[in-house]
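Participant: Quick one: structure below, then a few questions.
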Amino acid sequence: MEKLILVIVEAAVELVPKEIRDHPSVRAEARRRGKRVDEILLDRSYHHAAMKNLPENWKRGRPDITHFTLLEALGSPLNKLGLLETYVQLRDGHIIWINSETRLPRIYERFKGLIEKLYREPVVEADEKILLKMERKTLKNLIDELKPDLKILLSEDGEEIGWKKLGKLITSHQKPMIMIGGFPRGDFNPETKKHADKIIKIWPTALEAWTVTSRILCIIEQNLNIQQEDNDRRRP
């Protein structure tokens, strides 16, 4: 395996939609944060009452899922060894690429502010290096661009296979793509499922997205036999 592509798909990350920008809860949060209502992320913690009539409201308003999942991914040994490429597919038609060297804010509110900034300025740079980049792009566009040789969607409705077998399957490919849902509940869109070569589950019952991410990366690391001495050898 040359590199694993990790995509958080259908992430519950979006700016507050137009339909609810006049709601008191939305206006109150925007005022508290000193921003316009069209500049803040939809967040169920603050906008629960406003979200009741939104389509698929049960899948929306949870940027924290993406935050936790990215912290797990970027902090993994696989990522630190340069073997992971990470993307987030937003439900509003954007894709975010995250540089493997990026240190995301640990504080959730600061993470939200960073994503909100991306909507205004789609490239975040530091020390002449691009750290995050947002583009209007579909999942199909991303797949066509990256050309993975295996696409696995992790879902509680998928085929359950053993961890060792799964690790061997993934690492036997040069450029596998793992897709993990970034929404709280509900099913994947048919369009997302259509792009998967295999739909697999790693546990009999549902797990949180960040737990799935942690386990799948650990499975791959073990299959690649990544140990401390390997890390020492790779250091410049």
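Participant: Residues that are surrounded by fewer than 16 Cβ atoms within 10 Å (Cβ to Cβ) and either out of contact with any Lys or Arg (no Cβ under 8 Å at 6 or more places or on another chain) or of a type in the set (Phe, Trp, Tyr) (or both), at least 3 per element: which strands (runs of 3 or more DSSP E) completely within segment 119-204 meet that? Steps first, answer last, please.
Facilitator: Details: elements: 123-126, 129-136, 150-160, 176-181, 198-201.
By residue number, 129-136.
Participant: Which of the helices (runs of 4 or more DSSP H) found entirely inside segment 17-105 contain at least 2 residues meeting this: surrounded by 19 or more Cβ atoms within 10 Å (Cβ to Cβ) and either at pLDDT below 95 or hydroxyl-bearing (Ser, Thr, Tyr) (or both)? Talk me through it step by step, then tell me what you get.
Facilitator: Numbers: elements: 24-33, 44-51, 63-74, 77-80.
Once the helices (runs of 4 or more DSSP H) in segment 17-105 are filtered for at least 2 residues that are surrounded by 19 or more Cβ atoms within 10 Å (Cβ to Cβ) and either at pLDDT below 95 or hydroxyl-bearing (Ser, Thr, Tyr) (or both), what remains is 63-74.
Participant: If I ask for residues that are among the acidic types (Asp, Glu) and more than 26 Å from the chain's Cα centre (by Cα), which ones from segment 2-46 would you list? Before you say what the answer is, go through the steps one by one.
Facilitator: At the first step, the residues of segment 2-46 found to be among the acidic types (Asp, Glu) are 2, 10, 14, 19, 22, 29, 38-39, 43.
Selection gives ASP22 alone.
Participant: Looking at (1) out of contact with any Pro (no Cβ under 9 Å at 6 or more places or on another chain); (2) surrounded by 14 or more Cβ atoms within 10 Å (Cβ to Cβ), can you tell me which one GLU221 breaks?
Facilitator: For GLU221, the exception is condition (1).
The values are calculated or read from the model by the stated rules, or taken from the named source; none is laboratory data. If you're wondering where the values come from, they're calculated on a predicted model, not measured in any experiment. All Cβ positions, even for glycine, are placed from backbone atoms using ideal geometry, and neighbour counts span all protein chains on display.
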